[in-house]
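To start, the structure itself, in structure tokens.
Here, each number is a calculation from the coordinates, and none is a lab measurement. Computed from a predicted structure; not experimentally measured.
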Amino acid sequence: MKRSGKRYSIPLGLLAAGISMLFYVLLPYAIKMLIKDPSMFGIDADPSGIDFAGVEAMLDRAMLLSPVMAVMSFIVGFHRRGDKNRIYAQIVRMAVSYVGFLFIINFGSLGKVIGFNSEGSEFVVEAFFTGVIGVMALLNLLKIPIFYGEYRDNREDFLEKYDPDGYELFVMGHYEDEDYGYGTGRRRRRRWG
């Protein structure tokens, strides 16, 4: 069996990093522009009586986080589906994204999110996310079985394309069919599988 390609993909890593940058830079920037001047998007509204300082601070923190998330996404995209290293990279990215989420919401204490000034009176919306932090941690942990499922679903194809010796051991360990012709005297090589 012949190797048909590289185990890693720089273009896929760059694509994943680019998508991450769009999410962490372009989306917050577009929301900031919408808040400052809704007419740019064809919305007829006057935001002059609303203080979006807390929301803008959250968006700024999301943009500060973008280089870290782009690097983590590159590492995940760099490893192909079915590679064990991809699971490790996904788990690290998941942990970093959770800490990043905490950073964006100022570790649960946003304080003044939005303020409204109307006819001399001021109304302030404050937010303190404590329960949300626990829910987000649980939702992040639920991603691990998804990562493992993706790994298992793509493992055989990955080994067949990029690691013929590992594929042979994978087949010997998972299939009992005589069609593979391994028999009782088969030789096992020390490989990860």
State the extension gain, in nm to one decimal, for the chain segment bounded by Val135 and Lys36, taking 0.36 nm per residue of separation less the distance between their alpha-carbons. 32.5 nm
Residues whose modelled amide H sits under 5 Å from the amide H of Asp51, counting only those 5 or more places away in sequence or on another chain, are Gly115, Phe116, Asn117
